[in-house]
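Before any comments, here is the structure.
Each value in this text was obtained by applying a stated rule to the coordinates, not by laboratory testing. Everything numeric in this text was worked out from a predicted model, so none of it was measured. Methodologically, a virtual Cβ is constructed for each residue, glycine included, from the backbone with ideal geometry; neighbour enumeration extends over all protein chains shown.
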Amino acid sequence: MKRHILPIILSLFLLPLHLFAQAPEKLELLPQMSHVVVLGDSNTWLGGDECDDEKGWTFHFKQTVRPASCRSYARSGATWSHTEKTCADTEEEVEVITDNNVIYNQYLRLRRDVLQGKQPRPTLLLIAAGTNDAWFSQKQRKGCLDNLKKANDNAKVNADSLLALDLSELTGLREAVLFNCLTIRRDFPQTRIVLLTPLQSVHAGLRPITLAGDCIEACARQLDIECFRQDKECCVKNLTEQKTKTYTTDGTHLNPTAARLIGQQLAKALFPETNGFTH
């Protein structure tokens, strides 16, 4: 009988140690303990840097989740994809599509602020982009959606090769999404990353938005990152907005009703314990 006592006693000591080792990871995902950061384009930018403008979905997301902090680095006109002239730039903060108005540079501003102690290290990072990649795929971001079907079917991701690319080489949507996600995961390995595909848009067209969404979802799947298909799940529908502006002001940008619905929907999807209702 005594031979069996020692293993039992040891197991009692080992079990709590294992549970304590896992506890911090679980605790930091609770809504009230989360530090949320959002990167994105105009529909995210509408909520303001502090997510305090009710015209944007980030305001309603923040009001519903009530996280410890919620900060947006989003800028109107931003894209995932780069151009041959894109370079690292933490200073330019414009509200139109330019070579350097890209998600990567928003991330560089976030990383700078974290390193300088101005911004808490994010526990949840939402990236809501792709509308401008789809909208301007034949103009300022020409070719960014080319060959996506072939890319989406290829599940192999060579992280070292992707991270070795120059910023000017990330002209394709797939390469830009993978590069950004790999970089963020390398720098902030404990951060929960969620990709939000672009909403349907009259200006961008249904097919380009779907192509972009499929690409972003495929990248998320290949990297084992969460993805929420806004183009499929949210209230904005291309055909409806063409006839009457029900949830947008112009066919692309959210009106206050849509901002509230989508903010609460995302809160419920990412933090089910909130039940999608404000406190």
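List Ser168, Ser81 from most exposed to least, where exposure is judged by having the fewest other Cβ atoms within 10 Å. Intermediate values should be presented prior to the final figure.
Values: Ser168 13, Ser81 28.
Fewest to most other Cβ atoms nearby, the residues stand as Ser168, Ser81.
Hey, what did the range 32-274 get for relative contact order, percent, Cα under 8 Å, at least 6 apart?
On the way: 489 pairs, mean separation 54.5, N = 243.
RCO, the range 32-274: 22 percent.
Taking the range 180-279, which chymotrypsin sites (Phe, Trp or Tyr not before Pro) meet the DSSP loop condition and have no more than 11 other C-beta atoms within 10 Å? Write down the numbers at each step before the final one.
Working: sites: Phe228, Tyr247, Phe277; in loops: Tyr247, Phe277.
Those satisfying the criteria are Phe277.
Under the rule a/c < 1.5 gives rounded, and otherwise a/b versus b/c splits prolate from oblate, where does the range 32-274 land using the Cα gyration tensor?
Values: a/c = 1.42, a/b = 1.06, b/c = 1.33.
It comes out rounded by the Cα gyration axes.
For Leu239 and Glu273 in one chain, what is 0.36 nm times their gap in residues minus the Cα-Cα distance, to one decimal in nm?
Taking 0.36 nm per residue and subtracting the Cα distance, the gain is 8.9 nm.
For the range 32-274, give the share of DSSP beta bridges that are antiparallel, in percent and rounded to the nearest 5; count only bridges with both residues there.
If we restrict to bridges inside the range 32-274, about 5 percent are antiparallel.
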